[in-house]
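All remarks here apply to the structure that follows.
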Amino acid sequence: MRLLLIEDDRKAARVLAKGLREEGFVVDVAATGEEGAAQATFNEYDVVVLDWLLPGRSGLDVCRDLRASGNPTPILMLTARDSVADRVTGLGHGADDYLTKPFAFDELLARVRALLRRARATQPTVLRVADLVLDPATRRVRRGDVAITLTPKEYAILEVLLRHVGQVVTRTRLAERVWDEAAEVLDNLVDVHVSHLRKKVDRDGPSPLIHTVRGVGYRLGPERA
């Protein structure tokens with residue numbers, strides 16, 4: 001899951017990003033409303049954690065503008081403002097949830113996961129192609145009756161491919177969805193992880209499901225005639 005954290009307090013942002021990454025999230029960090037709005041507009045995220053008080057463009061402005069542009073990404077608003085009127089204002093500008101400071105990291109994590117569950121409510125409960133099945137709720141993968149153990153990066157790559165079955169997913173898109181924006185991801189690093197994933201997924205299957213599209217990326221699905 002890819003998350004955008006928009007927080008101008010660098011120490012707080014560093015601590016939150018570290019904790020979220022340890023929980024398996026790919027985290028991009030923006031320190032201003034302008035930077036955060038740009039990243040949320042041009043990148044695809046599963047959830048945005050947005051501070052209300054930001055230098056220049058406020059979190060409320062960012063939230064309102066994202067909704068006005070049709071961006072449906074779930075937004076968790078962070079703020080020291082704790083009055084009912086403030087909560088109503090934040091939710092009225094398009095936030096999906098509201099967390100007052102100070103807060104425990106475990107509560108933030110629980111709220112982020114709750115937002116993800118809501119977003120997935122309209123999506124299939126499990127992802128599958130042929131006899132390959134991935135359950136996002138339990139993070140379990142199997143091919144036929146055989147359970148497959150994956151590293152966090154392998155799991156994230158497979159989930160992206162399963163959400164785009166039959167489509168060519170470029171190396172750049174995989175890098176954006178699986179690695180932090182700050183990481184310098186080379187094509188061969190993506191290739192190495194996909195190679196390890198392919199060995200696990202296709203090793204015991206009746207036919208290969210992960211296919212290389214030379215010079216572009218990868219496609220997941222049955223072999224084409």
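Results, tabulated for the structure shown:
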| item | result |
| --- | --- |
| Check on V168, farther than 26 Å from R21 by Cβ, in contact with a Lys or Arg (Cβ under 8 Å, 6 or more places away or on another chain) and surrounded by fewer than 16 Cβ atoms within 10 Å (Cβ to Cβ) | yes |
| Helices (runs of 4 or more DSSP H) enclosed by region 1-112 - at least 2 residues per element that are at negative phi and buried (at least 20 other Cβ atoms within 10 Å of the Cβ) | 10-22, 33-42, 59-68 |
| Region 200-225, residues that are open to solvent by 90 Å² or more (accessible area, probe 1.4 Å) and either under 12 Å from V168 (Cβ atoms) or modelled with pLDDT of 95 or more (or both) | R214, R224 |
| Residue check, V126 hydrophobic (A, V, I, L, M, F, W, C), closer than 30 Å to G166 by Cβ and open to solvent by less than 70 Å² (accessible area, probe 1.4 Å) | yes |
| A175 at pLDDT below 95 and open to solvent by 40 Å² or more (accessible area, probe 1.4 Å) | no |
| Enumerated strands (runs of 3 or more DSSP E) restricted to region 124-217, each holding at least 1 residues that are within 20 Å of E44 (Cα to Cα) and hydrophobic (A, V, I, L, M, F, W, C) | 127-129, 168-170 |
| Residue within region 130-138 that is at pLDDT 90 or above, over 16 Å from D204 (Cβ atoms), under 14 Å from the mean Cα position of the chain (by Cα) and of a type outside the set (F, W, Y) present | no |
| Contacts under 8 angstrom Cβ, first residue in region 202-225 being touching a residue at least 60 places away in the same chain (Cβ under 8 Å) and within 18 Å of I157 (Cα to Cα), partner β-branched (V, I, T) and part of a strand (DSSP E or B), 6 or more apart | L209/V129; L220/V129; L220/V169; L220/I210; G221/V129; P222/V129 |
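The values are calculated or read from the model by the stated rules, or taken from the named source; none is laboratory data. Because the structure is predicted, anything quoted here is derived from the model rather than measured. Cβ coordinates were reconstructed from backbone atoms using ideal geometry, including for glycine residues, and neighbour counts include every protein chain displayed. Quick note on the areas: whole protein, heavy atoms, side chains included, nothing else; ligands and nucleic acids left out. Shrake-Rupley method; radii C 1.70, N 1.55, O 1.52, S 1.80 Å.
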